[in-house]
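Right, one structure below, let's go through it.
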């Protein structure tokens, strides 16, 4: 009750602010579907119907919807009993169905714990290397601690995808996750293990952070401005979702309130606007902590990471500061201690060893477990490229940058 009273002034200002600011993009509408192998096509069609209805509802309200998504339970649960060849064929048929129906899919973790077999990780690697629409993950830490066998399997998967996909870009669709809760809308770590028939929303809202901050602004004023703008933007998004849930019978799980960046909608530029110095300089950590404190108090139902995202290759300013050497892997982990999603879309020289990747994974997993917070890792080694050379990704969602020396 006390928290509701404290948030009341924030909620009351939403109506007056909502019409005065730009809307965030809806990055993801994600449906969670517990697949039955014998009836999966009908289940998918049912979920796609929901997704299209949600898409129309948001578009009619003036939002741009970027992607429609389906997350299944971990794929080993619905491919069990099939031969390796049959498993591969089934997952490729799911990939084809996603292409046909206009959605992308997360097939969940190959390994939820160290007791899961290494062969499942190898299957995931083979699937993702040639897939157009599928994402997947491996869980490297949970409430039971670090998963060392899974860390090793994730490192091998990253190396395989680097070597067996054009430019290593399949690693964009793979994540090693630690302490991530189920039912998050953002890929590639999205998963669930129990019931389906839910949906969640993910936003591209770094533009709101940029709007909230002003050059020379003090931190308390910046915090107040950001809280008002984010609440004004997210409350209407949730209202549409709850209405949709009441109309369809699907359960609304929440919004991942992370202000995801995209190109010029840059979280790096927003933080630089507040601090007045390049991202990675002193003050960056304080700015990250400020944003995180606002996100945690937003008056909507939270899902997924709900933290500050710092994906190097999805943010123009972060990619530029990476090229200039202002940002390091250790620096990103330091920021992740107060916010963040870990090491996200980090470009690496192709000579990186599996052991070096394991160390980066274990550091992230240790931090996530220590502070009981969701973090993940997406690494993109570029075979044939060395430190000092520029990446050449051919993907509209990735920003090219200069490779830095191995950590």
Residues of region 181-231 being in contact with a helix residue (DSSP H, G or I) (Cβ under 8 Å, 6 or more places away or on another chain) and assigned to a loop (DSSP other than H, G, I, E, B), which ones?
187, 188, 205, 213, 214, 215, 217
Scan region 82-97 and tell me whether some residue there is within 24 Å of residue 28 (Cα to Cα), within 22 Å of the chain's Cα centre (by Cα) and surrounded by fewer than 22 Cβ atoms within 10 Å (Cβ to Cβ).
yes
Can you tell me which residue in region 345-359 is surrounded by the fewest Cβ atoms within 10 Å (Cβ to Cβ), limited to those that are in contact with a strand residue (DSSP E or B) (Cβ under 9 Å, 6 or more places away or on another chain) and assigned to a helix (DSSP H, G or I)?
356
Those residues of region 66-94 which are under 17 Å from residue 42 (Cβ atoms), out of contact with any strand residue (DSSP E or B) (no Cβ under 9 Å at 6 or more places or on another chain) and either free of Cβ contacts under 8 Å to residues at least 40 places away in the same chain or not in a helix (DSSP H, G or I) (or both), in sequence order
93
When the residues of region 232-253 are narrowed to those that are out of contact with any helix residue (DSSP H, G or I) (no Cβ under 8 Å at 6 or more places or on another chain) and outside any helix (DSSP H, G or I), which ends up farthest from residue 28 (Cα to Cα)?
249
Please verify whether region 103-115 includes one or more residues that are out of contact with any helix residue (DSSP H, G or I) (no Cβ under 8 Å at 6 or more places or on another chain) and not in a strand (DSSP E or B).
yes
Can we say residue 263 is touching a helix residue (DSSP H, G or I) at 6+ places or on another chain (Cβ under 7 Å) and more than 22 Å from residue 228 (Cα to Cα)?
yes
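Yes/no per residue for (1) in contact (Cβ under 8 Å) with a residue 40 or more places away in the chain; (2) under 16 Å from residue 76 (Cα atoms):
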residue	(1), (2)
96	no, no
108	yes, yes
119	no, yes
177	yes, no
197	yes, no
Out of all the residues in region 131-141, is one or more touching a strand residue (DSSP E or B) at 6+ places or on another chain (Cβ under 7 Å), more than 29 Å from residue 47 (Cα to Cα) and not in a helix (DSSP H, G or I)?
yes
Taking residue 386, is it over 17 Å from residue 316 (Cβ atoms), touching a strand residue (DSSP E or B) at 6+ places or on another chain (Cβ under 8 Å), modelled with pLDDT of 95 or more and in a strand (DSSP E or B)?
no
Exactly one of 257, 237, 209 is surrounded by fewer than 24 Cβ atoms within 10 Å (Cβ to Cβ), within 18 Å of residue 298 (Cα to Cα) and under 21 Å from the mean Cα position of the chain (by Cα), and that one is 237
Mind listing whichever residues of region 360-407 are loosely packed, with under 14 Cβ neighbours inside 10 Å and over 28 Å from residue 67 (Cα atoms)?
370, 371, 372, 384, 386, 387, 388, 389, 390, 405
In region 35-65, residue nearest to residue 184 (Cα to Cα) [restricted to those that are in contact (Cβ under 8 Å) with a residue 60 or more places away in the chain and surrounded by fewer than 16 Cβ atoms within 10 Å (Cβ to Cβ)]:
53
So which of 308, 333 ends up being touching a residue at least 24 places away in the same chain (Cβ under 8 Å), touching a helix residue (DSSP H, G or I) at 6+ places or on another chain (Cβ under 8 Å) and in a loop (DSSP other than H, G, I, E, B)?
308
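The values are calculated or read from the model by the stated rules, or taken from the named source; none is laboratory data. What you see is a predicted model, and the numbers here were worked out from it, not measured in a lab. Please note: Cβ atoms are built from the backbone with ideal geometry, for glycine as well, and neighbour counts cover all protein chains shown.
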